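> What follows is a structure written as structure tokens; I'll ask about it next.
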């Protein structure tokens with residue numbers, strides 16, 4: 001499938017009360033690609049995603065989907081095209097996994113539309129893809145953090161949107177499940193052409209799985225481009241205040257960042 005939807009931010013300024021978080025930001029999300037957003041804590045990554053999904057109105061500027069402001073689009077129309085997995089979502093008390101994942105189908109329901117076989121198939125496929133089928137009848141309240149995160153991802157997949165925004169989708173997941181989730185998003189991108197935008201804390205996973213990286217610093221875009229152009233020693237130092245070595249990942253060929261702590265400096269050579 002070929003991606004046709006465009007998502008852009010123009011002169012975007014975002015704030016909470018008097019505190020400005022993002023200022024004058026321009027961003028073009030490449031259609032049909034996987035974009036990774038990285039940056040230090042409190043640099044504005046989650047705030048940017050909230051605005052791009054219209055959860056936060058901009059103080060200045062616009063977020064445009066196919067040239068239309070997302071903040072002026074009918075909610076259900078937007079939700080059929082753009083899905084969001086926010087950071088730390090909250091499930092209704094007592095809801096089962098199947099019911100929560102089924103809520104991803106709401107944008108496809110009309111006033112007189114009944115639940116269909118297509119809806120059943122979408123939910124089943126999302127549960128299977130996230131390895132949560134066996135949890136379907138359990139209460140979300142009973143699940144571990146990692147299980148709960150996979151269920152939220154399943155709900156986002158059941159929505160079947162062409163654009164998918166995910167805020168730290170690997171939170172609470174062990175290494176194996178982190179890789180499984182990122183492989184799943186890659187499969188979704190390659191087989192359905194889904195445009196994926198995800199905030200990640202792990203720079204090396206971001207560089208391995210994203211086609212396009214955006215590094216934020218102090219509410220602005222510091223660097224943008226292919227992983228090899230963004231994940232450099234200079235960028236890591238400027239964005240994270242961290243010394244590092246960046247080498248070629250022997251598995252993927254992508255850049256691999258090795259942090260240097262105070263206790264890991266190479267010993268000085270002796271005469």
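The values are calculated or read from the model by the stated rules, or taken from the named source; none is laboratory data. Only a predicted model underlies this, so the values are computations on that prediction, with no experimental measurement involved. Every residue, glycine as well, gets a Cβ built from its backbone with ideal geometry; the counts of neighbours run over all protein chains shown.
> Test residue 83 against the stated conditions and say whether it is in contact with a strand residue (DSSP E or B) (Cβ under 6 Å, 6 or more places away or on another chain), within 20 Å of residue 211 (Cα to Cα) and at pLDDT below 95.
Yes, satisfied.
> Return the residues of the range 179-222 that are touching a helix residue (DSSP H, G or I) at 6+ places or on another chain (Cβ under 7 Å), assigned to a helix (DSSP H, G or I) and either more than 13 Å from residue 33 (Cα to Cα) or at pLDDT 95 or above (or both); say none if nothing qualifies.
Scanning the range 179-222 gives 181, 182, 184, 205, 207, 209.
> Limited to the range 114-162, what total is found for residues that are loosely packed, with under 15 Cβ neighbours inside 10 Å, under 12 Å from residue 100 (Cα atoms) and touching a helix residue (DSSP H, G or I) at 6+ places or on another chain (Cβ under 8 Å)?
Summing the residues that are loosely packed, with under 15 Cβ neighbours inside 10 Å, under 12 Å from residue 100 (Cα atoms) and touching a helix residue (DSSP H, G or I) at 6+ places or on another chain (Cβ under 8 Å) in the range 114-162 gives 1.
> If we scan the range 160-171, do we find a residue that is in a helix (DSSP H, G or I) and at negative phi? Before you say what the answer is, go through the steps one by one.
So in the range 160-171, the residues in a helix (DSSP H, G or I) come out as none.
No, the range 160-171 has no match at all.
> Of all residues in the range 60-119, count the ones that are more than 21 Å from residue 199 (Cα to Cα) and assigned to a helix (DSSP H, G or I).
Counting residues in the range 60-119 that are more than 21 Å from residue 199 (Cα to Cα) and assigned to a helix (DSSP H, G or I) gives 20.
> On to the next question. Of all residues in the range 1-13 being without any contact (Cβ under 8 Å) to a residue 60 or more places away in the chain and surrounded by 15 or more Cβ atoms within 10 Å (Cβ to Cβ), which is farthest from residue 226 (Cα to Cα)?
Taking the candidates together, the pick is 13.
> Hey, could you check the range 231-241 for residues that are without any contact (Cβ under 8 Å) to a residue 40 or more places away in the chain and over 14 Å from residue 202 (Cα atoms) and say which is surrounded by the fewest Cβ atoms within 10 Å (Cβ to Cβ)?
234
> Output the qualifying pairs, or none if there are none: Cβ atoms under 6 angstrom, residues six or more apart or on different chains, first residue in the range 46-72 and at positive phi, second residue in a helix (DSSP H, G or I).
The qualifying pairs are 54/70; 54/71.
> Taking residue 21 as meeting all but one of (1) under 28 Å from residue 188 (Cβ atoms); (2) touching a helix residue (DSSP H, G or I) at 6+ places or on another chain (Cβ under 9 Å), write down the number of the exception.
That leaves (1) as the condition not met.
> Quick test of your reading of the structure: residue 48 fulfils all but one of (1) closer than 30 Å to residue 134 by Cα; (2) in a helix (DSSP H, G or I); (3) within 21 Å of the chain's Cα centre (by Cα). Name the failing condition by number.
(1)
> Within the range 250-271, count every residue that is surrounded by 14 or more Cβ atoms within 10 Å (Cβ to Cβ) and modelled with pLDDT under 95.
1
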